[in-house]
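Below: the structure, in structure tokens.
The values are calculated or read from the model by the stated rules, or taken from the named source; none is laboratory data. Being a predicted model, the structure only gives us computed values, none of them experimental. Here the Cβ positions follow ideal geometry from the backbone for every residue, glycine too, while neighbour counts run over all protein chains shown. All accessible areas refer to the heavy atoms of the entire protein, side chains included, with ligands and DNA or RNA removed. Shrake-Rupley method; radii C 1.70, N 1.55, O 1.52, S 1.80 Å.
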Amino acid sequence: MMSRSYTNLLDLASGNFPVMGPVRERKRLTRVMTVPGVVSELDDDQANSVNSDVHSSVNQDRIIIVANQLPVKVKRRPDNKGWSFNWDDYSLLLQLKDGLPEEMEVLYVGSLKIDVDINEQDEVSSVLLEKFKCVPAFLPPEIFNKFYHGFCKQHLWSLFHYMLPYSANHGGRFHRSLWEAYVAANKIFSQRVIEVINPEDDYIWIHDYHLMVLPTFLRRRFNRLRMGFFLHSPFPSSEIYRTSPVREEILKALLNSDLIGFHTFDYARHFLSCCSRMLGLEYQSKRGYIGLEYYGRTIGIKIMPVGVHMEQIESALRVADKESRIHEFKQKFDGKTVLLGVDDMDVFKGVNLKLLAMEQMLKQHPKWRGRAVLVQITNPARGRGKDLEDTQAEIQASCKRINEMFGKTGYEPIVFIDRPISLAERVAYYTIAECVVVTAVRDGMNLTPYEYIACRQGVSESMSSSESNGPRKSMLVVSEFIGCSPSLSGAIRVNPWNFEATAEAMNEAISMADAEKQLRHEKHYRYISSHDVAFWSRSFFQDMERTCKDHFRRRCWGIGLSFGFRVVALDPNFRKLSIDHIESVYVRSKNRAILLDYDGTVMPQTSHNKTPNAEVIPIVNRLLGDTKNTVFVVSGRGKESLDKWFSPCKKLGIAAEHGYFMRWSSDDKWEVCGPNSEFGWKQIAEPVMRLYTEATDGSSIETKESALVWHHRDADPSFGSSQAKEMLDHLESVLANEPVTVKSGQFIIDVKPQGVSKGVVAEKVFTTMAESGKQADFVLCIGDDRSDEKMFEIISSAISSGILSSNASVFACTVGQKPSKAKYYLDDPAEVINMLEALADASDPGSFTDTESDISL
């Protein structure tokens, strides 16, 4: 029985939203179509993917930037008739245009900060599109409150900042209705994007945690859409993230993007760990780029912290100097050493921890009493709730206590500013501050230190004081839990929870010699001036171009329901094996070679009982009953196991231990195919493996006659993989002078004699058949892992070398859609069995033996 929550999810994904209030059908925006087809296909609300192999005749690249809010300011006109709009110059979305190609058109999709009456929405949409190239998404109030204040702020924001709702009064517990509203809001955003998109010419860049399931809605409609996503908040460790009831839905939705960006390696590492632990996906790093393989698509992982807009800061400095703000503040704090904090009013900003550190510094270092001042600027809160109210009350109490304890006439150690201030006023404070202190307990990025460094550098022509030509200096005390910390190597990093250590860091910062402050400042300024917001957006866009460059060369189609939807992308020469096609070729052929891997091919990898199931043996015997067939099982397993399992198959050829042992039928003796039978190397390798097995819970050693295999499938994914890499290096070192090869595979490390591989088996089978006058004109070779690639490699060259017929039909087939030397694939062992059964049914019935009726396992 399907749960109600799951059926709700299916409804949501197909556009059938729960009733949350009246939603009027609005007039759709006019858009230019460059995809062959009819408009009704695109306007249909069902998930019909627009799929074209032909580029449009007009190739004008454009980028659509999608975020929760548009980079525009909106307010009512004085006469209360209509609205006035202006660009929000401080919006990151507007600033990032500086890094995009000059000729590229930029379109914005997002919501407005105000509620627009439903009767005015069409007019507002037209004005914003015509004058600002903005497409507003209007969310009904019932959806908006649950979407933004509910799921985004109570669930995602808390989760991503490591706050778990252990009680109903702490954080926001998950509610299905909030999740439904989040999905519904993302669906509305997707509809607005679809109205204006040219899918073959446009890039889509989605921003932040508000729109994490939007990639699925867009990918369902446009398989080849070039789409990136950047997360501006932290991404939590897998231990925290896995507590979300919709953890897999969000991960799978993000994986419908082509490029996923994070501020720091830690955030990216946590995301990759979640993909590994929850979805079984592994990433690879090639030439400096991190890629995640997902159903034939390579999803890029981008690590690049955002920067500041240098020109805007310099402009604000000129304004501050013109308004004499800098001069005013210098006079106000004359003779004082100013430490500065600039934070949002937020439970995660650690403002009270900073105040406690200031209090501790004044206690421990009395010399600063009457001299050191902490100016704390607190921006208005964007969230709401009891936690925020408690934080505000705590901050107010600390300010009052510290000022009463250490203050005197003409001196207050804490200057608390809890009102909105202009950028010019803020940069004036930056300019006079000796040190900026950031004690956030968790923050995605935090650009305050970058802005401070830029302001301390100043703009020479705007500085009227004699200092303008002097050396610049600055100091930073920053939390190690914020995104900008790794890039500020000259800052004093602190654990904000240890306010005593923070107090010592603050004292060290303002006591440091000017020459040292200057060196640290110069180092920081070189970084932030070269890694500004334009550099960030340019780098992200270039990576998106690189990641998407093969989109129109590959064959793509969508599979799966709800948030299980994903796009399968395959090379044009890599296609699914058609049972009808192989069957028709099979019937016409005269001499057939059939090579089958075992684990993961005819037997699922996840099965604990490795004995062939009841349908495998009869199918194999029916294939063997046709005298045109030569059938081999080519496996890494030991000969005893394979001999026992396939004892009813008298004519079956078996290559055990990757071909070290080989026989053509049960009547033949096992033949050793390896170059030597000396196994002294085992005495070196086995102790090393035992060492790692004892240290890695869930791992084990498999001892074969010719090989040793270390398995870590049941170990912790991250630790097992790490130990496997370490063991590979260790074994390669100690066995460097031994006649063996050390290879890594799917959850294994394999040590075996040199010259032994499945490719050698395939070559021997083909050669023997040719020498006996039965040169193969049909070859079917199926396997699922790296060891089988050797067979595929040999097959590709066998025709040119003459061991296969020049007109031979070759079917090299891998199990699962992944990079392979094979040209065909089947999805799983069940499809392999179905295909073999079809071939068995097509075999010559006149040549079957009686073995089929005598089968017993």
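Which members of the stretch 259-317 meet the condition of being in a loop (DSSP other than H, G, I, E, B) and either closer than 25 Å to S91 by Cβ or among the charged types (D, E, K, R) (or both)? The answer is H263, T264, E282, R287, M304, P305, V306, G307, V308, H309.
I need the helices (runs of 4 or more DSSP H) fully contained in the stretch 71-185, keeping only those with at least 3 residues that are under 29 Å from the mean Cα position of the chain (by Cα). Steps first, answer last, please.
On the way: elements: 92-95, 121-132, 141-144.
Counting at least 3 such residues, we get 92-95.
Scanning the stretch 683-708 for residues that are open to solvent by 30 Å² or more (accessible area, probe 1.4 Å) and in a helix (DSSP H, G or I) returns Q683, I684, E686, P687, R690, L691, T693, E694, A695. What residue, of K651, K644, is part of a helix (DSSP H, G or I), open to solvent by 40 Å² or more (accessible area, probe 1.4 Å) and under 18 Å from D668 (Cβ atoms)? When all the criteria are applied, what remains is K644. Among the residues of the stretch 283-304, are any farther than 30 Å from E500 by Cα, over 16 Å from the mean Cα position of the chain (by Cα) and open to solvent by less than 60 Å² (accessible area, probe 1.4 Å)? No, that holds for no residue.
Rundown of residues vs (1) farther than 15 Å from L596 by Cα; (2) hydroxyl-bearing (S, T, Y), yes/no style:
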residue	(1), (2)
N621	no, no
L624	no, no
F632	no, no
K644	yes, no
S647	yes, yes
Y660	yes, yes
K682	yes, no
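Hey, can you tell me all the residues within the stretch 202-232 that are assigned to a helix (DSSP H, G or I) and either polar (S, T, N, Q) or under 17 Å from the mean Cα position of the chain (by Cα) (or both)?
So the first thing to find is which residues in the stretch 202-232 are assigned to a helix (DSSP H, G or I), and the list is 209-211, 214-221.
Of everything in the stretch 202-232, those that are assigned to a helix (DSSP H, G or I) and either polar (S, T, N, Q) or under 17 Å from the mean Cα position of the chain (by Cα) (or both) turn out to be Y209, H210, L211, L214, P215, T216, R219.
Matching residues to (1) at pLDDT 95 or above; (2) touching a Lys or Arg at 6+ places or on another chain (Cβ under 9 Å):
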site: A393; (1), (2): no, no
site: S398; (1), (2): yes, no
site: R401; (1), (2): yes, no
site: F406; (1), (2): yes, yes
site: T409; (1), (2): no, no
site: P413; (1), (2): yes, yes
site: D418; (1), (2): no, no
site: E425; (1), (2): no, yes
site: Y430; (1), (2): yes, yes
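For F632, the conditions (1) part of a loop (DSSP other than H, G, I, E, B); (2) among the aromatic types (F, W, Y); (3) closer than 22 Å to D788 by Cα all hold with the exception of (1).
Quick check on my filter: what residues within the stretch 438-462 are β-branched (V, I, T), surrounded by 24 or more Cβ atoms within 10 Å (Cβ to Cβ) and in contact with a Gly (Cβ under 6 Å, 6 or more places away or on another chain)?
Initial filter on the stretch 438-462 (β-branched (V, I, T)): 438-439, 441, 448, 453, 459.
Next, from what is left, pick out any that are surrounded by 24 or more Cβ atoms within 10 Å (Cβ to Cβ): 438-439, 448, 453.
Within the stretch 438-462, T439 is the sole residue that qualifies.
Restricting attention to the stretch 126-140, the residues that are open to solvent by less than 20 Å² (accessible area, probe 1.4 Å) and either touching a Cys at 6+ places or on another chain (Cβ under 6 Å) or of a type in the set (D, E, K, R) (or both) add up to 1.
Within the stretch 775-795, restricting attention to residues that are open to solvent by 10 Å² or more (accessible area, probe 1.4 Å) and modelled with pLDDT of 90 or more, the residue that is farthest from the chain's Cα centre (by Cα) is Q775. Using the structure shown, decide if S607 is of a type in the set (G, A, S), open to solvent by less than 10 Å² (accessible area, probe 1.4 Å) and under 15 Å from P829 (Cβ atoms). So S607 fails the test. Screening the candidates R622, R588, R575, R566 for the property of being surrounded by 16 or more Cβ atoms within 10 Å (Cβ to Cβ) and under 30 Å from M769 (Cα atoms) yields one hit, R622. Taking the criterion of being within 20 Å of E789 (Cβ to Cβ) and among the charged types (D, E, K, R), the residues of the stretch 733-778 that qualify are K743, D750, K752, K758, E763, K764. Residues in the stretch 318-328 that are in a helix (DSSP H, G or I) and either surrounded by 20 or more Cβ atoms within 10 Å (Cβ to Cβ) or at positive phi (or both): A320, D321, R325, I326. With respect to being under 22 Å from Y430 (Cβ atoms), under 35 Å from the mean Cα position of the chain (by Cα) and in contact (Cβ under 8 Å) with a residue 24 or more places away in the chain, M345 fits the description. Of the residues in the stretch 363-372, at least one is closer than 21 Å to I417 by Cα, in contact with a Phe, Trp or Tyr (Cβ under 8 Å, 6 or more places away or on another chain) and open to solvent by 60 Å² or more (accessible area, probe 1.4 Å).
On the given criteria, is L836 farther than 13 Å from S578 by Cβ, buried (at least 22 other Cβ atoms within 10 Å of the Cβ) and assigned by the TED database to the domain that holds V631? I'd like the intermediate steps shown before the answer.
On the way: farther than 13 Å from S578 by Cβ: yes; buried (at least 22 other Cβ atoms within 10 Å of the Cβ): yes; assigned by the TED database to the domain that holds V631: yes.
Here the answer is yes, as L836 does meet what is asked.
Every residue, every condition in (1) at pLDDT below 90; (2) closer than 22 Å to C548 by Cα, yes or no:
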| position | (1), (2) |
| --- | --- |
| D266 | no, no |
| S273 | no, no |
| R277 | yes, no |
| R287 | yes, yes |
| Y294 | yes, yes |
| I299 | no, yes |
| K302 | no, yes |
| G307 | no, no |
| E314 | no, no |
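Here's the yes/no breakdown for (1) open to solvent by less than 60 Å² (accessible area, probe 1.4 Å); (2) free of Cβ contacts under 8 Å to residues at least 60 places away in the same chain:
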position	(1), (2)
L107	yes, no
L112	yes, yes
V124	yes, yes
E142	no, no
H149	yes, no
L178	yes, yes
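Filtering the stretch 392-437 to residues that are surrounded by fewer than 20 Cβ atoms within 10 Å (Cβ to Cβ), under 27 Å from A501 (Cα atoms) and polar (S, T, N, Q) leaves Q392, Q396, N403. Taking the criterion of being in a loop (DSSP other than H, G, I, E, B) and more than 12 Å from C275 (Cα to Cα), the residues of the stretch 233-258 that qualify are S233, P234, F235, P236, T243, S244, P245, V246, N256, S257, D258.
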